[in-house]
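The values are calculated or read from the model by the stated rules, or taken from the named source; none is laboratory data. Remember, it's a predicted structure, so these values are computed and weren't measured experimentally. Cβ sites come from the backbone with ideal geometry, for glycine too, and all protein chains shown count toward neighbours. For accessibility, only protein heavy atoms count, side chains too; no ligands or nucleic acids. Shrake-Rupley method; radii C 1.70, N 1.55, O 1.52, S 1.80 Å.
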Amino acid sequence: MNPVIIELIGISSTVLILISMLFKTTTIKGSILMRSLNIAGSVVFVVYGCLLPAISTAVLNAALVIINTYHLVLLIKESKNQPKE
């Protein structure tokens with residue numbers, strides 16, 4: 001694959017993760033958005049790591065996908081249990 005395309009994939013994953021860090025995580029909505037974007041960025045980083053190949057990058061981000069997904073499910077369950085305002 002073209003090295004420029006691979007680098008663009010890496011840059012896009014970096015941007016997704018950086019944007020995810022901008023959300024205010026003191027609210028459930030902010031935390032859900034942060035986790036969702038972080039998962040998307042980590043998935044793209046897994047692809048990037050596999051294309052390089054950089055196994056440590058792929059493995060770390062695969063683990064982050066699992067961790068963030070777990071916490072996202074907990075947040076969604078918590079948001080459903082909160083009373084409507």
First in segment 69-80 and in contact (Cβ under 8 Å) with a residue 60 or more places away in the chain, second anywhere and open to solvent by 70 Å² or more (accessible area, probe 1.4 Å), Cβ under 9 Å, 6 or more apart:
none
Which one of THR26, THR14, THR57 is hydroxyl-bearing (Ser, Thr, Tyr) and not in a helix (DSSP H, G or I)?
THR26
